[in-house]
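Reviewing the structure listed below.
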Amino acid sequence: MYSEKVMDHFSNPRNVGEIETANAIGEVGNPKCGDIMKIYMQIDDETKTITDVKFKTFGCGAAVATSSMATEMVKGKTIDEALKITNLAVAEALDGLPPVKMHCSNLAQEAIHSAIADYYKRKGIEPDFIQKCDGCCSSCHNHDHEHEIEE
Amino acid sequence: MSNSRIYVDNSATTPMKKEVLTSMLPYFSEIYGNPSSVYAEGREARKAVELSREKVAKAIGAQPNEIFFTGSGTEADNWAIRMVARANKAKGNHIITTAVEHHAVLHTCQELEKDGFEVTYLPVDEFGMVSAEAVENAIKDTTVLITIMTANNEIGTIMPIKEIGAIAKQHGVIFHTDAVQAIGMIDIDVNDMNIDLLSLTGHKFHGPKGSGALYVRKGTKIGSFITGGAQERNKRAGTENVASIVGLGTAIELATSNISEKTAKLSKMRDYLINEILEKIPYTRLNGHRTQRLAGNTNISFEFIEGESLLLMLDMKGISASSGSACTSGSLDPSHVLLAIGLKHEIAHGSLRISLSEDNTMEEMDYIVNSLIEIVGKLRAMSPLYEKVSKGNA
């Protein structure tokens, strides 16, 4: 059910770990829902570039693979570039995800946003871009679905 | 060992035995007649179907004319519950079941609720056991059916079926049991246990997929579920799947011929596996009952990791098992069984079911334990939940 790329990133995840001196940390998800991603970034204050990134994830194969891919994608990017990375882009970079696993790619996107928001908060700036999903990502997915039916 | 796969998901399905396949083969080609036909080809097929019926009946202490072949265990559950409910509507509209039944039973009960039936879903204790006393207390004047599984498919807990059967009989309530996981693992006698209806399927005991049967005690009020022909004594229409029925007969005969020998071997491997895992891997817990459990069933929760990841890594090591995590169930919630025994969602997500058959060996148990030590270590090293605990302890 998973693409080769997903399996590659799942079995050999890139950038696993922590950064002791990280100046941006984001954690999203909920253990109740079965997935949590914690992302650590080292952001250069001058160039606003993400010079290093690490992650830790509790979750399924797709959650681990999207975490790994997302960290690869933001590394070396500026904050603005990183914020433009969408969940779809992460999923596409992995040669797609099974439909029931698409919500896992939200986790990676949210984690990136959450870490960058943390970076701004540490500087006393209230971020305006943060997007939050109430409850389990998969329940958002479900709400969308219900909404479609109502229409 | 790394060259050959280790299959330990025998509660999902089992490989067919050679003897079963051999017995089936002629019925795909040479003996192709329709059992309803009067001529020689038909009579030969009919003979095979009836011989199989005798074998199934014998395996559970029933009479051949109380056995009805179906296309699956799920169909047998659906038939038993829906049609007993409907046939006994004049008497009442109340059904008693448990919170840990297979979805074939739970979803059917939920459907009946929409049709005006009232269903009591009895809770279970921390081991997944329903109390016979609770069953008795739940009986009302309007109760028409008690449906409780013989043994649980996820955590292997064996229910007090004989006690429940006695209570049902005493109160004049029809008793159905889903024995899909229990056939060939527990001695079942429908008369001794006062079972009125029993569902089974062949592929859980080395028979063919798509084979099933419903036992219906003589005199039990039940309508037909599938209409359109006189097959199965007017109760289940559709041309008999002769080869599959033959395979079911062969498989059930084999499965029930050596229960004590087989369960002795399986429970020895199971207990070794459970003890090794609990001893060698911290933050683990056994789900289900320690002794009142299916001989081949192990269900363990590994804290701080998620079940699908665990399964994928086991798969890479050549091990096939299953999990109660939401990611593997295709729904939002982890296993209803694990939640019913009081597990928190996050613990339920990290559960692993290892279900054994006679084909497994002690060496394989060691390989599984060693693989788990490595995999669980790897996944925990990656888990932000474990990070909190390991730092908290430091």
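Couple of notes before you dig in:
- Within segment B:352-394, restricting attention to residues that are within 11 Å of chain A (Cβ to nearest Cβ) and small (Gly, Ala, Ser), the residue that is surrounded by the most Cβ atoms within 10 Å (Cβ to Cβ) is B:383.
- Residue among B:264, B:243, B:251 that alone is within 19 Å of the chain's Cα centre (by Cα) and either away from chain A (no Cβ under 14 Å) or outside any strand (DSSP E or B) (or both): B:251
- Within segment B:137-149, the set of residues being surrounded by fewer than 24 Cβ atoms within 10 Å (Cβ to Cβ) and either outside the structural domain of residue B:117 (by TED's automatic domain parsing) or in contact with a Ser or Thr (Cβ under 6 Å, 6 or more places away or on another chain) (or both) comprises just one member, B:138.
- Residues of segment B:67-83 that are assigned to a helix (DSSP H, G or I) and crowded, with 24+ Cβ neighbours inside 10 Å: B:73, B:76, B:77, B:79, B:80, B:81.
- Among the criteria (1) over 21 Å from the mean Cα position of the chain (by Cα); (2) at pLDDT 95 or above; (3) outside any helix (DSSP H, G or I), the one residue B:332 does not fulfil is (2).
- Complete set of residues in segment B:209-221 that are over 15 Å from the mean Cα position of the chain (by Cα) and at pLDDT 95 or above: B:215, B:216, B:217, B:218, B:219, B:220
- Among the residues of segment B:362-384, none qualifies, meaning not one is in contact (Cβ under 8 Å) with a residue 40 or more places away in the chain, among the hydroxyl-bearing types (Ser, Thr, Tyr) and under 30 Å from residue B:105 (Cβ atoms).
- Members of segment B:223-240 found to be in a loop (DSSP other than H, G, I, E, B) and polar (S, T, N, Q), listed by number: B:224, B:227, B:239
- Test result for residue B:52, hydroxyl-bearing (Ser, Thr, Tyr) and either under 24 Å from the mean Cα position of the chain (by Cα) or within 18 Å of residue B:205 (Cβ to Cβ) (or both): yes
- Condition met for residue B:214 (in contact with a strand residue (DSSP E or B) (Cβ under 7 Å, 6 or more places away or on another chain) and either hydroxyl-bearing (Ser, Thr, Tyr) or within 30 Å of residue B:347 (Cβ to Cβ) (or both)): no
- Residue check for residue B:4: surrounded by fewer than 19 Cβ atoms within 10 Å (Cβ to Cβ), in contact (Cβ under 8 Å) with a residue 12 or more places away in the chain and within 30 Å of residue B:369 (Cα to Cα): yes
- All positions within segment B:162-192 that are closer than 24 Å to residue B:261 by Cβ and either among the basic types (Lys, Arg) or surrounded by 24 or more Cβ atoms within 10 Å (Cβ to Cβ) (or both): B:162, B:179, B:180, B:181, B:182, B:183, B:184, B:185, B:188
- Just one residue in the set B:216, B:173, B:246, B:242 is touching an Asp or Glu at 6+ places or on another chain (Cβ under 8 Å), in the same structural domain as residue B:32 (by TED's automatic domain parsing) and not hydroxyl-bearing (Ser, Thr, Tyr); that residue is B:216.
Table: residues versus (1) over 26 Å from residue B:354 (Cα atoms); (2) surrounded by 20 or more Cβ atoms within 10 Å (Cβ to Cβ); (3) in contact with a helix residue (DSSP H, G or I) (Cβ under 8 Å, 6 or more places away or on another chain).
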{"residue": "B:205", "(1), (2), (3)": "no, yes, yes"}
{"residue": "B:216", "(1), (2), (3)": "yes, yes, yes"}
{"residue": "B:221", "(1), (2), (3)": "yes, no, yes"}
{"residue": "B:232", "(1), (2), (3)": "yes, yes, no"}
{"residue": "B:238", "(1), (2), (3)": "yes, no, yes"}
{"residue": "B:246", "(1), (2), (3)": "yes, yes, yes"}
{"residue": "B:255", "(1), (2), (3)": "no, yes, yes"}
{"residue": "B:258", "(1), (2), (3)": "no, no, no"}
{"residue": "B:265", "(1), (2), (3)": "no, no, no"}
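- For residue B:278: the one exception among (1) crowded, with 17+ Cβ neighbours inside 10 Å; (2) more than 14 Å from residue B:154 (Cα to Cα); (3) more than 14 Å from chain A (Cβ to nearest Cβ); (4) over 18 Å from the mean Cα position of the chain (by Cα): (1)
- Among the residues of segment A:91-112, the ones that are crowded, with 21+ Cβ neighbours inside 10 Å and assigned to a helix (DSSP H, G or I) come to 12 in all.
So that you can scan it fast, the table gives a plain yes or no per residue for (1) among the charged types (D, E, K, R); (2) touching a residue at least 60 places away in the same chain (Cβ under 8 Å); (3) in contact with a Cys (Cβ under 7 Å, 6 or more places away or on another chain):
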| position | (1), (2), (3) |
| --- | --- |
| B:81 | no, yes, yes |
| B:88 | no, yes, no |
| B:100 | no, yes, no |
| B:112 | no, no, no |
| B:136 | yes, no, no |
| B:140 | yes, no, no |
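The values are calculated or read from the model by the stated rules, or taken from the named source; none is laboratory data. Being a predicted model, the structure only gives us computed values, none of them experimental. So basically every Cβ, Gly included, is an ideal-geometry build from the backbone, and we count neighbours across all protein chains shown.
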